[in-house]
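Encoded as structure tokens, the structure appears first; notes follow it.
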Amino acid sequence: MRRLLFVTVLALDDADREGSAEDVFLSDAQKYRRELLAHCYRMTGSLHDAEDLVQETYLRAWKSYNNFQGKSSVRTWLYRIATNTCLTSLEGRKRRPLPAGLGGPASDPTDDITPRHEVAWLEPLPDAPHEDPSDPSVIAESRESVRLAFIAALQHLSPRQRAVLVMREVLQWKAAEVGEAIGASTAAVNSLLQRARAQLDEVQPTRDDEPAPPESPEAADLLAKYTAAFENYDMDKLVELFTADAVWEMPPFDGWYSGPADIITLSKVHCPAQGPGDMRFMTTTANGQPVAALYMRNPETGVHESFQLQVLDTRSTGIAHVVAFMERELFAKFGLPATL
């Protein structure tokens, strides 16, 4: 319903809105849609929820435009509305985890795997196409602030801690501006930020090397070797590509696996592929990271069908982390075909 209402607003005949302040506002506000989507995604950990919350943000803004006094920019005003829309939406909701974030030990790859569809899992965020580095929205949506590890860590914070941390350290707002946006004193904002930083230090993994940008030759070469090894069913080659402490997880299954040997055993025991040619890949990016979109051959039809979206954390020493999302609906969100 929210989407329908907003689409109706945008679809009004130009003659009905020509020259109106609301028309000018809507035209100006649309350029912030992508960065607002990233903001709502950081707050919720869900692409689906973020899309709905951006629609709700624009609808609320359009309805209350007459109250906009111009004391701040339209962009700042939209962020205030988006943040409070997210805070309202998050009331009473549980955090969105990844399997490794459930608190259990690493799993035995030979054990049965159990889907947990009742859990609201963390979701990936497709990267924006044709990003312009000079665009302020790209600055607000820096890769570090949407990487899966960071988004997963944010889920350990309360919604208000999350809002304060993102607005202060990602958007670079002043404490007084954040307080005005969420209805808190400057002292309360500083206290929330201090607790949020301490909590992140406890849950965020620390590594000596930085992630490789997905467009770098090193990351591209590693991704090409990775997809080729799977397509050729060359498990020995795959072992060489993972770091010694690599982690594999695949929501909605609740297990996670540590080390190349266990990851390869998991693939041999539970992957439907039996040999070369059963798997094919397309590549893209999400969360500022390389993505290998896996298509599995259907033995009855011979057609390769969408199966997993694998988001890779690539380092100078190899592939350090793979989150293989099993929700096939995500392929459409990424602009990927359902079959090859």
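The values are calculated or read from the model by the stated rules, or taken from the named source; none is laboratory data. These numbers were taken from a predicted model, which means no experiment stands behind them. With ideal geometry, Cβ positions are generated from the backbone for all residues, glycine too; neighbour counts draw on all protein chains shown. Surface areas here come from the heavy atoms of the whole protein model, side chains and all, with no ligands, DNA or RNA. Shrake-Rupley method; radii C 1.70, N 1.55, O 1.52, S 1.80 Å.
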Number of the condition not met by Thr284 [criteria: (1) hydroxyl-bearing (Ser, Thr, Tyr); (2) in a strand (DSSP E or B); (3) free of Cβ contacts under 8 Å to residues at least 60 places away in the same chain]: (3)
Residue under evaluation Val178, criteria (1) at pLDDT below 95; (2) under 29 Å from Asn190 (Cα atoms); (3) open to solvent by less than 70 Å² (accessible area, probe 1.4 Å), criterion not met: (1)
Long-range neighbours under 6 Å by Cβ, at least six apart or interchain, first residue farther than 30 Å from Ser72 by Cα within the range 181-208, second assigned to a loop (DSSP other than H, G, I, E, B) and modelled with pLDDT of 90 or more: Gln199/His156; Gln199/Leu157; Val203/His156
Complete set of residues in the range 157-172 that are touching a residue at least 40 places away in the same chain (Cβ under 8 Å) and open to solvent by less than 60 Å² (accessible area, probe 1.4 Å): Leu157, Pro159, Arg162, Ala163, Val166, Met167, Val170, Leu171
Count - residues of the range 304-328 that are of a type in the set (D, E, K, R) and open to solvent by 40 Å² or more (accessible area, probe 1.4 Å): 3
Top-ranked residue in the range 119-142 [being closer than 30 Å to Ser185 by Cα and crowded, with 16+ Cβ neighbours inside 10 Å; ranked as modelled with the lowest pLDDT]: Ala140
Residues (over 26 Å from Leu157 (Cβ atoms), open to solvent by 10 Å² or more (accessible area, probe 1.4 Å) and either in contact with a helix residue (DSSP H, G or I) (Cβ under 7 Å, 6 or more places away or on another chain) or in a helix (DSSP H, G or I) (or both)) located in the range 24-68: Val24, Ser27, Asp28, Gln30, Lys31, Leu59, Trp62, Lys63, Tyr65, Asn66, Asn67, Phe68
So Ala219, is it surrounded by fewer than 21 Cβ atoms within 10 Å (Cβ to Cβ) and either hydrophobic (A, V, I, L, M, F, W, C) or in contact with a Ser or Thr (Cβ under 8 Å, 6 or more places away or on another chain) (or both): no
Residue match in the range 69-86 (condition: among the aliphatic types (A, V, I, L, M), within 30 Å of Thr265 (Cβ to Cβ) and at pLDDT 95 or above): no
Evaluation of Phe331 against (1) farther than 30 Å from Thr206 by Cα; (2) surrounded by fewer than 21 Cβ atoms within 10 Å (Cβ to Cβ) (one fails), failing number: (2)
Restricting the range 181-212 to residues that are surrounded by fewer than 18 Cβ atoms within 10 Å (Cβ to Cβ) and touching a Lys or Arg at 6+ places or on another chain (Cβ under 8 Å), the residue that is modelled with the lowest pLDDT: Arg207
Residue that is nearest to the chain's Cα centre (by Cα), among those in the range 84-118 that are more than 16 Å from Val323 (Cα to Cα) and surrounded by 15 or more Cβ atoms within 10 Å (Cβ to Cβ): Arg95
Residue that is more than 10 Å from the chain's Cα centre (by Cα), modelled with pLDDT of 95 or more and aliphatic (A, V, I, L, M), where the choices are Leu59, Leu53, Leu47: Leu53
Any hit, the range 270-281, residues being buried (at least 18 other Cβ atoms within 10 Å of the Cβ), in contact with a Pro (Cβ under 6 Å, 6 or more places away or on another chain), under 19 Å from Lys225 (Cα atoms) and of a type in the set (A, V, I, L, M): no
Residues satisfying the stated conditions in the range 91-122, i.e. touching a strand residue (DSSP E or B) at 6+ places or on another chain (Cβ under 6 Å), in a loop (DSSP other than H, G, I, E, B) and under 15 Å from Ile151 (Cβ atoms): Leu98
Selected residue (criterion: farthest from Leu122 (Cα to Cα)) from residues of the range 222-263 that are touching a Pro at 6+ places or on another chain (Cβ under 8 Å) and small (Gly, Ala, Ser): Ala244
Residue among Thr301, Thr285 that alone is surrounded by fewer than 17 Cβ atoms within 10 Å (Cβ to Cβ) and either under 14 Å from the mean Cα position of the chain (by Cα) or of a type in the set (Ser, Thr, Tyr) (or both): Thr301
Cβ pairs under 7 Å, 6+ apart, first in the range 316-340 and closer than 22 Å to Leu47 by Cα, second open to solvent by 20 Å² or more (accessible area, probe 1.4 Å) and assigned to a loop (DSSP other than H, G, I, E, B): Phe331/Ala338
